[in-house]
Every structure is written in structure tokens, then in C-alpha cells.
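K.L.:
After the C-alpha cells below, expect a handful of questions from me.
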Amino acid sequence: MKLLSTRTFVLGTVFAVIMLFLAGGPGMAGVARGAGDALQTPTIQVSPPSLDVTQAPDTVSVHSLTIENLGSADLEWVIAEQSTSPSALDITLVEVATGLDEPVNMANAGDSRLFIVEKDGTIAILDAGAVLPTPFLDINARVGSSGSEQGLLGLAFHPDYASNGYFFVNYTDNSGDTVISRFSVTANPNVADPNSEVVLLTVDQTATNHNGGDLAFGLDGYLYIPLGDGGGSGDTLNNAQNETLLLGKIARIDVDSSGGSAPDCVGSGSGNYTVPASNPFVDGAGNTCDEIWNIGVRNPWRFTFDSVTGDMIIADVGQSAWEEINVQLASSLGGENYGWRCYEGNHAYNTSGCGPIGDYEFPVFEYSHALGCSVTGGHLYRGTLEPPMIGHYLFTDYCTGNFWSMTANSLGGWTTTQLPGSYGFGLVTFGQGADGELYVANISNGKIFHIVENTAADQIAWVSVSAETGTTPAAGTSVVDVTFDSTGLVEGTYTGILRVHSNDPATPLVEVPLTLTVGAEDIRMASSGILMRGRVVGGGSTIARALVIVRDETGARVSGADVHVTWTKPDGSTENQIAATSATGRAVFQTSNAAQGTYTIEVTDIVKDGYWFDSTIGTTMQSLDVP
């Protein structure tokens, strides 16, 4: 059977109910047990504990679920289901405000108001569907905004704003340098005091672009400050890898000065903060900047903390080819190096002076400039008005208005799907209301939009079961076939839960998580996938060269796939490399200026369009003796 709506079944007093709830779908009330249940002693066990299925689009697979009764009474059960397609989002932008002057950021103060940062140095308030006539803050005279990436760029309210009235801003001053300041609200909750500024720190900027500009408090209560690499093109000064500068970093400071060490790279600021002792680069005054939390970012244009998990998601604008999304889990101790300028996304950019590839964190998603020019990071949806969007991180591109949705998957990674439609030039920032609703702003026309979802009524039952009712005898088992049907589903990850209610007094509820990952066919190595050659070139240096050929299951060569390999050299050392396959499905790797002896190359991963593929079929390792 395959059901699209809830059905009600009436049984006797002894039963179990299995109900399927999928993210974004309507809930279903449980059925109370009858008084006679107390006389029964069933003990239920459901296996496997989860069903995790990966299959291609428009295919069907069948999997068994076993209900075992370890007790002494018969167990009657009913299976009911409700299924939707939570990953196949179809969004619409609904205009909620207009007339803003170059909006570049939005934040909430824990109430119904949405605070809108305007590039020239003012902050407006959107309340009850109207923009208030008086700005919340006006510091236009001290903000330098002549450059396209300069201005008042960031806003974050203190976690205890309701009691202390503090909020923090990130702006470029009239000299073009970054300023991180604290302000206070007045007795009027809609007006801040422009004379209350306390400058915490400043950062000298070497150009007008790549200023970063965001601010956010983590769930740890610390203030995080993403900063660009100082601008220009290609980070010619290698600022992002220079640990004595804050450029190209994400800083973390304690604005409550509750402990830690003294400020280190304060610039000309007051230093009215401390550095958390757990910051990964703390070494006292001088040397590395103690404020650094992460390094190796180019121009992080909007980052966010998930209000539920505490994970940090960073959208980093690329140089000329690749835009990227990075994720730092809440469990991280900091210190990640996101690779710029050594790497742009997953691709080598300027590896002069760089360390082994294993020293760097690579993005969970990247897209090429065929789909846009500059990523605009967003937020994870945690509201209630758009249930299918729950748990989705939305982001867009500034040039094309293409949208993507990213969700955590059962493998510990992330699945990203490009959404239908595009919304044109100028989507520069996202905002999140205190209620978790998401907004996006267009800098070119001054409009604010609420993001709404259209697919709630368009249900696709991707899971069905073989039996509607059944009885499991004492000490017996029942097997139910669970069918996963990806017909009509877009690529992505779909999640749900089988809730098995029973009259077992010890285990009245068993939950079986469900995951369906719909993806392209696996890319697999051809049987003659690696060719190796060694030769001696001028000067007597040795080159070991490997050619990797990637084919799909039909035998066709695959272009645009990133092949990850590990070399093992004669002295036992290793070197990791990444190369993209050409139009003929070939990726070339080589090591040079190495000692003679045996070289081994192993293909460790293949990735294409955000999906990691099986590279264990066929030849994945070859050795070569270089004379």
C-alpha cells in the first residue's frame, strides 16, 4: 500500500502502532492503550535499528523490517504513514519592505523587530510590516562607504541585550580600516545612542575590498568576527596564512571580560575585551594573534551559528572560479585552516609555501562561476511557519540569484541541492527573525523579502509498507517490506522516523530512523584506471607521474570530477594531491625532485557536483619503481 493521508484504525485493546513522520509533514496522534494491556507481557524488538538507503532517481528498492515479540502475549499492530518530500524545496520570495538604502545585513534583538543595516551607516527597524521613520542608529559621518565592499556591514546583539542594552557593529571608517564597536540603546527601545560608542578593536585594511564584515555570538557567548584577506586580488601578501595578522581570519573574543588573557592584536581600539584561554593560537603578547579562531578565509560574506546545534557555517567568496561553503562543528576546538590562498574551494590556487594538503579543511560544497559570481551565506531555518524548510541551510549567489539548500545527512556530511528558479542580481544578505523565519535583502532595489515554501501540499509518498495490519505471536516475528520509491524526487536526502508504539511496559516506543539519499549513479574507477611512468629529466631529478582515468558504470569517461590521491614515496613519506578530470576523463598527478625508488599512488576519493562517489571498484592503487 502507499498512503498520502492519515488513516484511522480501530483495534482491540492489545496492539502496537507504527507511524511514519517525515520532516515537514503533519504529525499524527498516537492511540491510547486499553486497560487490558496491563495483563499482557509482550516485549517488542524492531530490527534493523535504522534504514539508510541510497539509490538513483526514479528507482524502487525493498527492505525488510522485522518486528519480534519476545514476550508471552500476542502482539497486534497497525502501520500508518504520512510522507512528504522535505528536501525538494520550492521557495518564493514575498516582499515585506521596500525603500531601504542599500541594505547589507539584518539581525534580531530577540523580539518581533528586524533590524536592517544600511551600507551608508544607518540601521533601520522593520516592525509589524513597516519601516520605522527614525533610524535605530545613525553613524554615517564616521563610516567610510565609498567602496563597493565598504560601509556599515555587521550587527550583533549581545545575548543579554534585554538587560544590558549592548549591541555590536562592524564598519569601515573614513580611512578604510575595520572597526569593531559596542553601542548602547537609549530609554527608547527603538533608538540607540550614537555617542555611546566603545571601539573594541581596529584592523588596518590594505585595500577597499575583502573586509568580511559580519558579526555573531556563538552559543558559547563569545563574539566571532570574520575578516577578509585585506583585498586586492589573489592575496598577494598571503595575509590569510599569516598568523600575526587578523586579515583572512575568524576572530573570537570575550566582550564580557569574564576571564582569559589580555587583547593581543587590538589595533587602535580600546581593548575592552579579553581573549578566551581556549583560543587555539594563544601565546601571549606578540607573535601570533591570540584572537584568531580560524585562518585561511578569503572574504567570508555572511556566516551563521545554528541555534540548535551550535555548528558554524561560513560562506567564503572565491577568487575567480569557485564559491564555497565551510562547516565547523560545535565540538571543534578551533584552529581550522580553510586553505586560502593555497586553495580556492577544492582546487589549488597558489600553493607556494603551503603545507601538505592534510593541513587544510576543504569545503562541504562548492559551485563554479558558471552558476554565479559571489556567494551570499544564509541561515538554517528553525522557524515554524514553513515546516518543509526545517533544518535546511539556505544560501544564494549575488549575481544570479540562484538558491541552494543544504541539509545534514546520515553519513555525517551535508547534501546540497540547487533549488528551482533564480531571483536575479543583488541578493546580498539574509536575516533571521527571533521566530526563526528567514529573510533576504536586495541591495540594488532596497527590498526585503520573506522566504516562504510552496511544496507543503505537494506530497510524494516515497515510503510504503507491505502490510496494513498484522499479529506477531508470542516469541514470534513478523516481517514487513518497506519500499523506498524515488520516482519524481529531486536529488537530495530525505529523512523520517518509524515510531513503533507497543504495550510493552518496558519499551513503549521504538524509533527507527529512515534516510533516503537520492543521487546520481556511482562513479567508479575503470579496471585500468591508473597508469604510471617514471623518468629522469634534466639535472638528474626524478619524476613519478600517474594518469587516472575515471569512468561511470556505463564505461563512459567522466569529466569535471575531483580525484583525490595519496602518494607514498620511497622514504615512507606521503603527499596528498587533488586534480580535476579533463573532458576525456583524465586526471594527471606527479611528484618531482624525489629520491629514486618505489612510488605508490592510491585513489582515496572522487567527488563530482558535491557528491562523493565509490572509488573502490577496479584498480585504485599502483606502484612504480623509478630507476
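K.L.:
By the gyration tensor of its Cα atoms, with a ≥ b ≥ c the square roots of the eigenvalues, what is the shape of region 245-305: rounded for a/c under 1.5, prolate for a/b over b/c, or oblate?
P.N.:
Values: a/c = 1.63, a/b = 1.41, b/c = 1.16.
Cα axes put region 245-305 in the prolate bin.
K.L.:
Going by amide H atoms built from the backbone, whose H comes under 5 Å of the H on ALA97, apart from near neighbours?
P.N.:
Amide H neighbours of ALA97: ILE448.
K.L.:
At a 10 angstrom cut-off on C-beta neighbours, averaged per residue, how do the peptides 388-396, 362-370 rank from highest to lowest?
P.N.:
Values: 388-396: 24.7, 362-370: 18.6.
Sorting 388-396, 362-370 by mean packing, highest first, produces 388-396, 362-370.
K.L.:
Let me ask you something else. Could you order peptides 60-69, 248-257, 435-444 by the average number of other Cβ atoms within 10 Å of their residues, highest first?
P.N.:
Ranked from most to least packed, the peptides come out as 248-257, 435-444, 60-69.
K.L.:
Okay, moving on. In a shell of Cβ-Cβ distance under 10 Å around THR471, excluding THR471 itself, what net charge do Lys and Arg (+1) and Asp and Glu (-1) give?
P.N.:
After counting each charged neighbour, the total is -2.
K.L.:
Could I ask something else about it? Find how much the distance from SER466 to THR244 grows on full extension, using 0.36 nm per residue of separation minus their present alpha carbon separation; answer in nm with one decimal.
P.N.:
Between SER466 and THR244, full extension yields an extra 73.6 nm.
K.L.:
Could you rank the peptides 477-485, 201-209 by their average count of other C-beta atoms within 10 Å per residue, with the highest value first?
P.N.:
Most protected by this proxy first, the peptides run 201-209, 477-485.
K.L.:
Ratio of region 396-457's C-alpha Rg to 2.2 N^0.38 Å, to two decimals?
P.N.:
Compactness ratio reported: 1.26.
K.L.:
Right, here's the next one. Counting heavy atoms of the protein chains only and a 1.4 Å probe, report the per residue accessible area for region 292-379 as a whole number of Å².
P.N.:
32 Å²
K.L.:
How many percent of the accessible area of region 190-244 is carbon or sulfur, using a 1.4 Å probe?
P.N.:
47 percent
K.L.:
When all C-alpha to C-alpha distances in region 256-383 are sorted into bins of 5 Å, what percent of pairs does each bin hold, rounded to whole numbers?
P.N.:
2, 10, 16, 18, 18, 17, 11, 6, 2, 0
K.L.:
Here's another thing I want to ask about it. Kindly give Rg over Rh for region 161-271, based on alpha-carbon atoms, with the Kirkwood expression for the hydrodynamic radius. Walk me through the intermediate numbers first.
P.N.:
Values: Rg = 14.9 Å, Rh = 15.0 Å.
My calculation of the ratio gives 0.99.
K.L.:
Where does the charge balance sit around GLY99 when Lys and Arg score +1, Asp and Glu -1, over other residues with C-beta under 15 Å from its C-beta?
P.N.:
-4
The values are calculated or read from the model by the stated rules, or taken from the named source; none is laboratory data. Everything numeric in this text was worked out from a predicted model, so none of it was measured. Virtual Cβ from ideal backbone geometry, glycine too; neighbours counted across all protein chains shown. Remember, those area values only see protein heavy atoms, side chains included, never the ligands or the DNA or RNA. Shrake-Rupley method; radii C 1.70, N 1.55, O 1.52, S 1.80 Å.
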